[in-house]
Amino acid sequence: MTATGSASSSLNAPRHNWTLEEIEGLFSLPFNDLLFRAQQIHRAHFDASAVQVSTLLSIKTGACPEDCKYCPQSGHYNTGLGKEKLLEIEKVVAQAEAAKLAGASRFCMGAAWRSPRERDLDVVLEMVRQVKALGLETCMTLGMLDGGQAERLAEAGLDYYNHNLDTSPEFYGEIITTRTYADRLETLGNVRQAGMKVCSGGILGMGEAPRDRAALLQQLVRLEPHPESVPINMLVKVPGTPLDTIEDLDPLEFVRAIAVARILMPQSHVRLSAGREQMDDSTQALAFLAGANSIFYGDKLLTTENPQAERDRALFARLGLHPERIETCRDDAAQESALDEALEKQALEQTARAMFYDASASRQEHAADVN
């Protein structure tokens, strides 16, 4: 089947049998033709102006035993990142509440583990329950999971589990040696078997060949069903990691990968993920045009910088985009209204304290009132 026929047939029925040659054929299309096809498929399944918004929090940072060459959290490299303990539940919930107020509909939590330990998993399960109770979708990335761990997370109400394939099977050994490709696929199988949704994608710009990018997407397409969320990351080069001096990937090649992912996985959310801090607004706009309809919102992605919320809001306004609405989360107008109300309330409280300050009160009483 030709690339043209494949793209047309994908409009209504997701496929799992794309050949590597077909996928490479999509990558080689003229740029305008590729984006046009991706747009057709995107509009057949989604509101083209809606973007799903997530916030990511590192709940346990540093000293990971894996040797992923891109990762500042790996204990194998000296990146200046210190080891931190698992965050307290109350701090995680407070961050989730702030994320919801800022416009996020999904709250993602990541821990630098090879796999979660039993004593930590109990705390993580309670995080899921309490964040879920706020009306947010929940997502976690905790490393490898066995079947029992996946079932417990599902029972706690976890909506999504993130476990990226990172790159093609052929290039994988150049990036990671402490965990096999089969290990990653096994975890994704356990997640799906437990009834959770899958968030899985990869990282581009690690020195892989164009064929590796096609092969990565082929692996994702073979998953049945397709991952509900597909993060496409641009490598963030962190000093101290083995990839910190690698040549930058052409931004248009990155946009091509977004478009091909959209064609191959028509019903999945394709996330414009890590690397946005280094992208100008034009590159991001092209990525949205190519079919990206999900982003991380906020100041950081685990340990690397991410465009601030205000910059994202300004870009959304320029492009006519809006946060995707879900049943468990207020729409964007309601979220902005709530934020305005919170700021107004804070201002009124400050004014009231100033107006009714009792000059005869003791300094200790005033301090207690302020605190």
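Find the Rg to Rh ratio for the stretch 163-322, where Rh is the Kirkwood radius over alpha-carbon pairs and Rg uses the same atoms.
Values: Rg = 15.4 Å, Rh = 16.2 Å.
Result for the stretch 163-322 is an Rg/Rh of 0.95.
What order do you get for 227-233, 276-282, 34-40, 46-52 when each peptide is scored by the mean count of other beta carbon atoms within 10 Å, highest first?
On the way: 227-233: 24.7, 276-282: 15.0, 34-40: 20.6, 46-52: 17.4.
Averaged packing, sorted descending, gives the order 227-233, 34-40, 46-52, 276-282.
Let a ≥ b ≥ c be the square roots of the eigenvalues of the Cα gyration tensor of the stretch 191-239; is it rounded (a/c under 1.5), or, if not, prolate (a/b larger than b/c) or oblate? Provide the component values of the computation, followed by the final result.
Values: a/c = 3.59, a/b = 1.69, b/c = 2.12.
Taking the square roots of the gyration eigenvalues as a ≥ b ≥ c, the stretch 191-239 is oblate.
Residue by residue, what Karplus-based ³J(HN,Hα) values in Hz, rounded to whole numbers, does the stretch 38-47 have, using 6.51, -1.76 and 1.60 with θ = phi - 60° and x for Gly and Pro?
4, 5, 4, 5, 4, 5, 6, 10, 9, 6
Could you tell me what percent of the accessible area of the stretch 94-182 is made up of carbon and sulfur, with a 1.4 Å probe and every protein chain present? Each step should come with its number before you reach the end.
Working: 1530 of 3200 Å².
For the stretch 94-182, the apolar C and S fraction of the accessible surface comes to 48 percent.
In whole Hz, with x marking every Gly and Pro, tabulate ³J(HN,Hα) for the stretch 24-31 from phi via Karplus 6.51 cos²θ - 1.76 cosθ + 1.60, θ = phi - 60°.
Karplus-based 3J(HN,Hα) across the stretch 24-31 equals 5, x, 5, 4, 8, 5, x, 3 Hz.
Taking just the alpha-carbon atoms of the stretch 142-241, what radius of gyration and Dmax come out, in angstrom?
13.9, 41
Per residue, how many Å² of accessible area does the stretch 123-251 show with a 1.4 Å probe? Intermediate values should be presented prior to the final figure.
Values: 4740 Å² over 129 residues.
Using a 1.4 Å probe on heavy atoms only, each residue of the stretch 123-251 averages 37 Å².
Ranking request for peptides 286-292, 259-265: highest mean number of other beta-carbon atoms within 10 Å first, then the rest in descending order.
On the way: 286-292: 23.9, 259-265: 28.1.
The packing order, highest mean first, is 259-265, 286-292.
Using alpha-carbon pairs under 8 Å, 6+ residues apart, how would you state the relative contact order of the stretch 160-231 in percent? Can you show the working numbers first?
Working: 85 pairs, mean separation 31.6, N = 72.
This gives 44 percent for the stretch 160-231.
Can you grab the distance from the C-alpha centre of the stretch 31-51 to the C-alpha centre of the stretch 243-257, Å, no decimals?
After rounding, the separation between the Cα centres reads 22 Å.
Going down the list Lys100/Lys132; Lys85/Lys197; Lys132/Lys237; Lys100/Lys237, which pairs span over 23 Å between their C-alpha atoms?
On the way: Lys100/Lys132 11 Å; Lys85/Lys197 27 Å; Lys132/Lys237 33 Å; Lys100/Lys237 29 Å.
Over 23 Å apart, Cα to Cα: Lys85/Lys197; Lys132/Lys237; Lys100/Lys237.
For the pair Glu277/Arg129, report the inter-label distance in nm, with labels modelled 7 Å from Cα in the Cβ direction.
The modelled label-to-label distance comes out at 3.5 nm.
Can you list residues whose amide H is under 5 Å from Val51's amide H, if they're 5+ apart or on another chain and H is modeled 1.01 Å from N?
His322, Glu324
What FRET efficiency, computed as 1/(1 + (r/R0)^6) with R0 = 22 Å and r the Cβ-Cβ distance, is obtained for Thr177 and Thr245, rounded to the nearest 0.05?
Details: r = 20 Å, r/R0 = 0.91.
The value I calculate is 0.65.
Kindly write out, for the stretch 309-320 in residue order, the coupling ³J(HN,Hα) from the Karplus curve 6.51 cos²θ - 1.76 cosθ + 1.60 (θ = phi - 60°), rounded to whole Hz, with x marking Gly and Pro.
4, 5, 5, 5, 4, 5, 5, 4, 5, 5, 8, x
Let me check something: with ligands and nucleic acids excluded, how do Lys100, Lys91, Lys237 order by accessible area (1.4 Å probe), largest to smallest?
Listed by decreasing accessible area, they come as Lys91, Lys237, Lys100.
The values are calculated or read from the model by the stated rules, or taken from the named source; none is laboratory data. As the structure is a prediction and not an experimental result, all values here were calculated from the model. Reconstructed Cβ throughout: ideal geometry from the backbone, glycine too, with neighbour counts over all protein chains shown. These area figures cover heavy atoms from the full protein model, side chains too; ligands, DNA and RNA do not enter into them. Shrake-Rupley method; radii C 1.70, N 1.55, O 1.52, S 1.80 Å.
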